[in-house]
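K.L.:
I have a structure I would like to understand better, so I am pasting it below and will then ask my questions one at a time.
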Amino acid sequence: MDYYDLPADQAFLISLKSLIRHTDKLLVLRIAGTADQWELPGGLLEMGEKPIDGLLREVREETGLNVAVEQIIAVWDNPVDGFVVRDGRTLNVCVILIGYLCSTAETAVTLSDEHDNFRWVSNSEISELHLAANTDEAIQAYLRLSL
């Protein structure tokens, strides 16, 4: 496929995910309106935004936390058919996700309306969670790193 001729109904998006550690616990957020689906803080990179700036913005918006970014621990893709953009178009997108290991000294989380609960979980508790498709790959990389 010639990417200069990318069809109008297809796109690539970049999403940044933060694996925020406090001592030996990892922060996960429950997606609002779901029975029990958990994900990592993060979201889409805005046009013209540097990845670290976008990550820090998303973390502040979704958790209110200040974090130190340590390293990238995972890069993966998640195809999403039927992604609706603000102008009403429906696209088939390939979301490229980048998982950043971060740390914080803070534990008081202020949630945005995207999430309705949070938990600081140990490695052994992670396997009990129902993880969103945009999160599982980063969690697996985190667990491998923690061994």
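K.L.:
State the Cα centre-to-centre distance between the range 96-135 and the range 5-40 in whole Å.
P.N.:
First find each Cα centre; the distance between them is then 9 Å.
K.L.:
How charged is the neighbourhood of Glu137? Take every other residue with its Cβ under 13 Å from the Cβ of Glu137, and add Lys/Arg as +1 and Asp/Glu as -1.
P.N.:
Values: positive: Lys17, Arg144; negative: Glu39, Asp77, Asp136.
Counting the neighbours of Glu137, the net charge comes to -1.
K.L.:
Shifting gears a bit: Relative contact order of the chain, please, whole-number percent, based on alpha carbon pairs below 8 angstrom and at least 6 residues apart. Write out the running numbers ahead of the final one.
P.N.:
Numbers: 290 pairs, mean separation 49.9, N = 147.
Contact order relative to length: 34 percent.
K.L.:
While we're here: Within the range 30-72, list the GluC sites (Glu not before Pro) lying in a DSSP loop whose Cβ has at most 12 other Cβ atoms in a 10 Å radius.
P.N.:
Glu46
K.L.:
Projected onto the charge dipole of the chain (+1 at Lys/Arg Cβ, -1 at Asp/Glu Cβ, origin at the Cα centre), which of Gly42, Pro79, Gly64 gives the Cα projection farthest towards the positive end?
P.N.:
The residue sitting farthest along the positive end of the dipole is Gly64.
K.L.:
Continuing with this model, one more query. Once amide H atoms are placed 1.01 Å from N in the peptide plane, what residues at a sequence separation of 5 or more from His115, or on another chain, have their amide H within under 5 Å of its amide H?
P.N.:
Correct list: Ala32.
K.L.:
Would you mind ranking Ser122, Ser18, Ser103 by Cβ crowding within 10 Å, fewest neighbours first?
P.N.:
By the 10 Å Cβ count, ascending, the order reads Ser122, Ser103, Ser18.
K.L.:
Here's another thing I want to ask about it. Quick check for me: using +1 on Lys/Arg Cβ and -1 on Asp/Glu Cβ, what's the dipole size of the range 3-146 about its Cα centre, in debye to the nearest 20?
P.N.:
Result for the range 3-146 is approximately 320 debye, rounded to the nearest 20.
K.L.:
For the range 90-107, just list the computed ³J(HN,Hα) in residue order, Karplus coefficients 6.51, -1.76 and 1.60, θ = phi - 60°, integers in Hz, with x standing in for Gly and Pro.
P.N.:
Couplings: 10, 10, 9, 10, 10, 8, 8, 10, 10, x, 10, 7, 9, 9, 8, 8, 8, 10 Hz.
K.L.:
So how do Asp116, Asp136 line up by other beta-carbon neighbours within 10 Å, fewest first?
P.N.:
Ascending number of Cβ neighbours within 10 Å: Asp116, Asp136.
K.L.:
Could you state the angle between the C-alpha long axis of helix 51-63 and the longest principal axis of the C-alpha atoms of the chain, as a value from 0 to 90 degrees rounded to the nearest 10?
P.N.:
Compared with the principal axis, the helix lies near 60 degrees.
K.L.:
Now a separate question. Given H placed on each backbone N at 1.01 Å, which residues far from Ala133 in sequence or on other chains put an amide H within less than 5 Å of it?
P.N.:
Excluding prolines and chain starts, which carry no amide H, there are no hits.
K.L.:
With +1 on each Lys and Arg Cβ and -1 on each Asp and Glu Cβ, how big is the dipole of the range 1-53 about its Cα centre, in debye rounded to the nearest 20?
P.N.:
So the magnitude is around 440 debye.
K.L.:
Using θ = phi - 60° and the Karplus form 6.51 cos²θ - 1.76 cosθ + 1.60, what ³J(HN,Hα) does each residue of the range 119-134 get, whole Hz, x for Gly and Pro?
P.N.:
8, 9, 10, 7, 4, 5, 7, 4, 5, 7, 8, 8, 8, 5, 4, 7
K.L.:
Right, here's the next one. Across the range 136-142, in residue order, what do the Karplus-derived ³J(HN,Hα) couplings come to in whole Hz, using 6.51 cos²θ - 1.76 cosθ + 1.60 with θ = phi - 60° and x for Gly and Pro?
P.N.:
Each residue's phi maps through the Karplus curve to give 4, 4, 5, 4, 4, 5, 4 Hz.
Only the coordinates and a few stated rules stand behind these numbers; no lab work does. On a predicted model such as this, the values are computed, not experimentally measured, just so you know. When we count neighbours, we look across all protein chains shown, and the Cβ atoms used for this are built from the backbone with ideal geometry, even at glycine.
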